[in-house]
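No value in this document is a laboratory result; all are computed from the given coordinates. Computed from a prediction, not measured in an experiment: that's the story for all the values here. Every residue, glycine as well, gets a Cβ built from its backbone with ideal geometry; the counts of neighbours run over all protein chains shown.
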Amino acid sequence: MSALDIAQAVKDKKFSALDAIEAALARIAKHDSVLNSFTDVTAERARAKAREVDAALAAGKNPGPLAGVPFAVKNLFDVRGLSTRAGSKINRDLPAATRDATLIERLEAAGAVLVGALNMGEYAYDFTGENIHDGPSRNPHDVTRMTGGSSGGSGAAVGGALVPLALGSDTNGSIRVPSSFCGIFGLKPTYGRLSRARSFPFVFSFDHVGPLARSVGDLALAYDAMQGPDTADAACTTLPPEPVSSSLAQGIGDLRIATAGGYFRKNVFPEAIEAVGRVAKALGVNRMVEFPEAARARAAAYVISTCEGASLHLDRLRTRPEDFDPAVRDRLIAGAMIPAPMVDRAQKFRRWYRTQVLELFKSVDVILAPATPCVAPKLGQVNFTLDGVEMPVRANIGIHTQPISFIGLPVIAVPVPLEPMPIGVQIIAAPWREDIAFRVASALEREGVVSAPRPKGHLRGI
């Protein structure tokens, strides 16, 4: 059931919030041994919260728009009573968090019920969903394939219908990549729109947090519940909430939509081109625009990411290098050695690039682009071959997401249900115009062009 359906049924007393949570816990117990999406299941906490929702209803109170809806969070969000492991071995030695992350507090204030924490790539520096400490999360449409990362557990849990909602983070593509591979909807909002307070950082100037869901309506409901300024996050201190749920049915007749050409038509497999083509055709799009110097934007994003990430982890790299995933450790060490003038050039280019891209949005409202260059690769796959050229998988999964998060634009990744595997398309809007991206995503969902396919194989019927 969708989050909207669960909340309505709980409010109508067709079943209790506790019933909804017990059903979610049963699904997790039955199927997560295969998906490996959860690292912690907070069953007793969830039951207690569900009883609170039921008690509020019995007293004639409104428990909120997400009454009784189970959700889970990437394990870089602080969860009261758990150590915030951020996908690492090292962080397991940290004291348990004494307070939930802001976004958990806001979702639970809206009636949602936290059922656990989710697997992720170590310190969010990952596009594959393969964690060497907790094992890989597995794709619900083919468990021999990657979920994508670093919010891999979030993608598996929602794509596998264990929970209708999850939270992830996105620095260079870590919400959009799992959404694409697992066939679900994911929102990377404008930088600074949603609070990151009490979540473990990766790259402060790139880090975003947001929801993943199986429908546009559920994505909007979660997004609306989490909005609002938060003085605990320096990037999220001023904007009042701007709800989008009520605008989903507005249509797109007045919107100017284009597809991204140039860079975004290169280094892609046919399925990515087909997915963008289907979406563009459904929207009647026949215009193409080009992001200026997108390849350089991706390169600059790499420079800044590795440098900022290395700075955050210097003490851990010095004292516990053997406890890192070697692939993560080596990239962070490389980042620590980047010369300062190179970082300065990357930041100057970033400012120029943002100005140039904002010029594009004077003549268009939405730009469509691939979310990933391919459908989910096989677990452990090191390379793929494109146009006769062998390319490393890990480094190139985010080739189309990095030039967008580099300047903080809002994006909804929507799933195109190709066979045998789904793949995502990015709906990119101007800063602070999440409402426009939601209108386009909703129109596509109504037309049946995008949808979250049910899990396959032995997970069929969840």
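Condition first: surrounded by fewer than 24 Cβ atoms within 10 Å (Cβ to Cβ) and either among the hydrophobic types (A, V, I, L, M, F, W, C) or within 17 Å of R145 (Cα to Cα) (or both). Now tell me which residues in segment 400-427 satisfy that.
Within segment 400-427, I407, P417, L418, E419, P420, M421 meet the criteria.
Residues I428, I436: which one is in a strand (DSSP E or B) and more than 19 Å from C236 (Cβ to Cβ)?
I428
Has segment 207-217 got at least one residue that is touching a Leu at 6+ places or on another chain (Cβ under 7 Å) and part of a helix (DSSP H, G or I)?
Within segment 207-217, one or more residues are touching a Leu at 6+ places or on another chain (Cβ under 7 Å) and part of a helix (DSSP H, G or I).
Mind counting the residues in segment 237-272 that are under 23 Å from the mean Cα position of the chain (by Cα) and either surrounded by fewer than 14 Cβ atoms within 10 Å (Cβ to Cβ) or assigned to a loop (DSSP other than H, G, I, E, B) (or both)?
12
Report every pair of residues separated by at least 6 positions or lying on different chains whose Cβ atoms are under 7 Å apart, first residue within segment 81-99 and under 16 Å from G153 (Cβ atoms) and touching a residue at least 60 places away in the same chain (Cβ under 8 Å), second aromatic (F, W, Y) and surrounded by 17 or more Cβ atoms within 10 Å (Cβ to Cβ).
Final answer for the pair search is T84/F200; A86/Y123; A86/F200; G87/Y123; S88/Y123.
Just to be sure before I move on: is S442 touching a residue at least 24 places away in the same chain (Cβ under 8 Å), assigned to a loop (DSSP other than H, G, I, E, B) and either among the small types (G, A, S) or touching a Pro at 6+ places or on another chain (Cβ under 9 Å) (or both) in the structure I sent?
No; evaluated as a whole, the condition is false for this residue.
Tell me the residue from R296, R329, R318, R278 that is part of a helix (DSSP H, G or I), farther than 20 Å from A413 by Cβ, touching a residue at least 40 places away in the same chain (Cβ under 8 Å) and among the charged types (D, E, K, R), please.
On inspection, the qualifying residue turns out to be R296.
Can you go through A20, A43, A29 and tell me which one is buried (at least 22 other Cβ atoms within 10 Å of the Cβ) and either in contact (Cβ under 8 Å) with a residue 60 or more places away in the chain or touching a strand residue (DSSP E or B) at 6+ places or on another chain (Cβ under 9 Å) (or both)?
Answer to the check: A20.
Looking at segment 290-302, which of its residues are surrounded by fewer than 19 Cβ atoms within 10 Å (Cβ to Cβ) and more than 22 Å from the chain's Cα centre (by Cα)?
Across segment 290-302, the qualifying residues are E290, P292, E293, A295, R296.
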